[in-house]
Amino acid sequence: MIRTVFAVVSAAAITFAVCAAVAQEDPIKARKALMKANGDQAKIGAAMVKGEKPFDLAAAHKMFATFENAATKMPDLFPDNSKSEANSPDADDFSPSPKVWENMADFKARFAKFGNDAKAATASVTDLASFKAAFGNIGKNDCGSCHKEYRNKKS
């Protein structure tokens with residue numbers, strides 16, 4: 001148990017340090033790094049839900065900690081001077097929509113909800129069944145709804 005807690009805290013600390021350094025340089029790179037980390041963790045979660053990987057409580061907690069970390073940092077990574085990514089001809093399916101800056105209050109509120117849901121999931125998940133419920137809720141109500149509203153759809 002102590003090793004699990006140490007591993008989760010260590011992973012979060014490393015992610016925090018790397019993202020903090022990148023955020024000071026370039027908010028676009030920082031938010032892409034956080035979203036990539038979220039995506040990588042979500043793939044692990046999806047594999048556990050599908051039975052492709054055995055359920056691992058420590059991995060689930062790490063995933064939720066990664067989500068919570070991103071939710072805390074992301075709202076500050078969309079300054080006005082980073083709108084260029086959304087309006088760029090090089091914008092891809094993973095670029096933010098201009099709607100982010102048009103409705104920043106809602107956008108930030110969605111990250112607050114995402115962070116709260118991830119924190120609640122950490123506290124409530126104890127087995128595969130509770131993991132499936134929490135992961136499904138976050139995927140649909142947090143990630144999916146925000147991406148639908150605030151992510152570019154070029155294709």
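The values are calculated or read from the model by the stated rules, or taken from the named source; none is laboratory data. These numbers come from a predicted model, not from an experiment. Neighbour counts are summed over all protein chains in view; Cβ atoms, including those assigned to glycine, are modelled from backbone coordinates with ideal geometry.
Among the residues of the stretch 76-96, those that are crowded, with 16+ Cβ neighbours inside 10 Å and at pLDDT 90 or above comprise LEU77, PHE78, PRO96.
Here is the figure for the stretch 118-146: residues that are surrounded by 20 or more Cβ atoms within 10 Å (Cβ to Cβ) and modelled with pLDDT of 95 or more total 7. Does THR15 satisfy being among the β-branched types (Val, Ile, Thr), under 17 Å from the mean Cα position of the chain (by Cα) and modelled with pLDDT of 95 or more? For THR15, the condition - among the β-branched types (Val, Ile, Thr), under 17 Å from the mean Cα position of the chain (by Cα) and modelled with pLDDT of 95 or more - is not met.
Counting only residues that are farther than 19 Å from ILE44 by Cβ and touching a Gly at 6+ places or on another chain (Cβ under 9 Å), the stretch 133-155 holds 0 of them.
How about the stretch 107-155: which of its residues are charged (D, E, K, R) and closer than 15 Å to THR72 by Cα? Don't jump to the end; show me each part of the working.
To start, the set of residues in the stretch 107-155 that are charged (D, E, K, R) comprises 108, 110, 113, 117, 119, 127, 132, 140, 142, 148-149, 151, 153-154.
Within the stretch 107-155, LYS108, ARG110, LYS113, ASP117, LYS119, ASP142 meet the criteria.
Of all residues in the stretch 52-85, exactly one satisfies the criterion of being within 18 Å of ASP142 (Cβ to Cβ) and outside any helix (DSSP H, G or I), namely PHE78.
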